[in-house]
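Report on the following structure.
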Amino acid sequence: MINKNLVLILFFLVCTESLFSEYPFKPVSPYPSEYKQFWFLYQSEKRLGEEEQIFRPFFSTYKETKSNYRYDTFLFPIYYSEKTDYWRVWSFLFFISGTETYHDDIGWDEDTLSPFLIWGKGETARESYFGFFPLFGRLRGKASYSELNFTLFPLYSNWKYKNYNAHGILWPLIMWGGSEVRNDLRILPFYSHKIHKGKYERYSILWPFIQWGSINEDKREPFTYKMFWPLYLAKDSEFGNMKARAFLWFPIFGSLFSYGYDKRTHEKDLNILFFLFQYGQNDDEDYRKLILFPFYGYYRFAYKETRFFTPFYFRLSTDSYHLKSSETYFIPFWWRTNRTYVQWGREENYYKLWPLFRWHEDREGNLTWNLLSLFPIKSELVERIWDPVWSIIEYQKLSNGEKRLSFLMRLYTQRWNEEELHIHVPLLVEYSSTPEKTSYQFLYGLFGLEKNKDKTTVQIFWWIRL
């Protein structure tokens, strides 16, 4: 099943964003805003319970007081962090990352992962760890193991899980380990075995050329397999309900010819000429696959479906209880996304004709479009920070009733609603008209004029008011 879904999973990870984000990273409430702007370089907005500042393109911060949530970026995507009172997450180039979680019983525990330095801490010394890869290190509670240790990796390594304890020398060549129910030994390429009583037995001689074993021994129908790589692979169930064969098989590329079936799930699979022709179906899991690479491909598993015409044009859809979506990509020029959040009764639409145009109507009811959007894939956060730097036209219609229009990298911006109008021309003019007053400022306050129902005030040299 992993092989069936690998391409689809990778595509979703690379080309889409989170479908259900619990916290926003920009003001979205329907309340009136206090807004300030200087060209494209600075932007500040406050709404009831929300506050945002952007020093474009260097730094941005967003705060939401109800949950005490905060989101910060520095030259995004170089660095970002988000946190609440109970957890914190940060990332540097998505390469070095850290997490902190608060537990009522033990307080904060902290984990930092990077290519070389690895460290974490908890309430007690036993929950703390440190490592400098590949010289030495100890990790706790990572990669599904309770403890991982290494010294001059891959010279020596050790890992533990419950009662299981294993050691490796020149990993992965030499390894041994075991517990009351497990027994593992590997001396590659000469011999290896992995035995878990009542679950599986796997053996190899001159790995990877000769392999055999049995799996699913604790299931209703166990399987046996044998491999004479790369010429022949075979897998059979104990009662003959499942059978699979592959000839001339290579990792990633697949096999010159392979077929298989499972009578219980009504599954059938056929591959010819490695990955060029693939066919499969499974009625129980609602699985369908037909690929004629590189011209056409169709894949369906449960409520997710994808098609491609050439490696550049993709269509993906989701039809679940929570989400109905349709996405089209003509890489890298055209991106279209429609999502309906069924339980919320909300819809989101996104279009991008790269590098000319972007349109985004989010599930909160905010509409944004702009001419020139140079980032080639959809990323609302990257676009929010970087697009104003080179936009020719920007338009926004916000959920609080306000509209905004800008030209030429915000050399001119106006904001308005039914009762107010604000105009910004950087360094030259600031105009504001509200039911309470009308004001003009030139050169950011060097000279200004303010009128209300009672009086008119003149401002000179920023601080003198007459």
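The values are calculated or read from the model by the stated rules, or taken from the named source; none is laboratory data. This structure is a prediction, so every number in the text was calculated from the model and none was measured. Note: ideal-geometry Cβ built from the backbone for every residue, glycine included; neighbour counts use all protein chains shown. The area values use the complete protein model at the heavy-atom level, side chains included, leaving out ligands, DNA and RNA. Shrake-Rupley method; radii C 1.70, N 1.55, O 1.52, S 1.80 Å.
Shown in residue order for region 242-247 are the 3J(HN,Hα) couplings computed by the Karplus curve 6.51 cos²θ - 1.76 cosθ + 1.60 at θ = phi - 60°: 10, 8, 9, 9, 9, 10 Hz (x for Gly and Pro).
Ranking LEU173, LEU256, PHE94 by how far each Cα lies toward the positive end of the dipole of the chain (charges on Cβ) leaves LEU256 at the top. Computed with a 1.4 Å probe over protein heavy atoms only, the accessible area of MET242 comes to about 20 Å². Restricting the calculation to alpha carbons of region 247-400 gives Rg and Dmax of 20.1, 63 angstrom.
The length gained by stretching the chain between PHE275 and LYS235 to full extension, at 0.36 nm per residue less their Cα-Cα distance, is 12.4 nm. Over all distinct Cα pairs, what is the inverse of the mean 1/r for region 221-327, reported as the Kirkwood hydrodynamic radius in Å? Value: 15.2 Å, from the Cα pair sum.
Rounded to the nearest 500, the 222 nm mean residue ellipticity of the chain from helices alone is -1500 deg cm²/dmol, with -39,500 (n - 2.57) taken per DSSP H run of at least 4 residues.
With the gyration tensor restricted to C-alpha atoms of region 161-240, the semi-axes of the equivalent ellipsoid amount to 23, 19, 6 Å, longest first. Over all pairs of different C-alpha atoms, region 140-180 has a mean inverse distance whose reciprocal, the Kirkwood radius, equals 10.2 Å.
For region 284-332, build the convex hull from the C-alpha positions and give me its volume per residue in Å³.
Details: hull volume 2.6 nm³, N = 49.
Output value, Cα hull per residue: 53 Å³.
Along region 91-99 the Karplus relation, 6.51 cos²θ - 1.76 cosθ + 1.60 evaluated at θ = phi - 60°, assigns HN-Hα couplings of 8, 10, 6, 6, 10, 10, 9, x, 9 Hz to successive residues, with x for each Gly and Pro.
Dividing the mean sequence gap of close Cα pairs (under 8 Å, 6+ apart) by how many residues the chain holds gives a relative contact order of 6 percent.
From largest to smallest, the equivalent ellipsoid semi-axes obtained for the chain from the alpha-carbon gyration tensor read 56, 30, 19 Å.
The mean accessible area for residues of the chain, using a 1.4 Å probe and ignoring ligands and nucleic acids, is 58 Å² per residue.
Going by accessible surface with a 1.4 Å probe and the largest first, ARG410, ARG186 read ARG186, ARG410.
Net charge of the neighbourhood of PHE442, taken over other residues with C-beta under 13 Å away and scored Lys/Arg +1, Asp/Glu -1, is -2. For the pair region 29-43 and region 378-420, the centres of their Cα atoms are 10 angstrom apart. With K and R counted +1 and D and E -1, the other residues having a Cβ less than 12 Å from that of TYR303 yield a net charge of -1.
Note down the net charge around LYS235, summing +1 for each Lys or Arg and -1 for each Asp or Glu among other residues with Cβ under 10 Å from its Cβ. Don't skip to the end; give the middle numbers.
Numbers: positive: LYS226, LYS243, ARG245; negative: ASP236.
Counting the neighbours of LYS235, the net charge comes to +2.
Coupling constants for region 151-156 follow from the phi torsions by the Karplus curve (6.51 cos²θ - 1.76 cosθ + 1.60, θ = phi - 60°), and in residue order they are 9, 6, 4, x, 4, 9 Hz; glycine and proline get x.
Counting each pair of different Cα atoms once, what's the Kirkwood radius of region 319-437 in Å, rounded to one decimal? If you can, show how the numbers build up before the last one.
Values: mean 1/r = 0.0634 Å⁻¹.
Value: 15.8 Å, from the Cα pair sum.
Give me the number: length gained by fully extending TYR203 to PHE312, i.e. 0.36 nm times residue separation minus the C-alpha to C-alpha distance, one decimal in nm.
Separation in residues times 0.36 nm, less the Cα-Cα distance, equals 35.0 nm.
Counting only protein heavy atoms and using a 1.4 Å probe, the accessible area of PHE357 comes to about 60 Å². The share of accessible area on the chain that comes from carbon and sulfur is 65 percent, using a 1.4 angstrom probe. At the listed q of 0.25 Å⁻¹, the Debye profile of region 305-358, built from one uniform point per Cα, gives log10 I(q)/I(0) equal to -0.93. Using only Cα atoms and rounding to the nearest 10 degrees, what angle (0 to 90) does helix 2-15 make with the longest principal axis of the chain? The angle comes out near 10 degrees.
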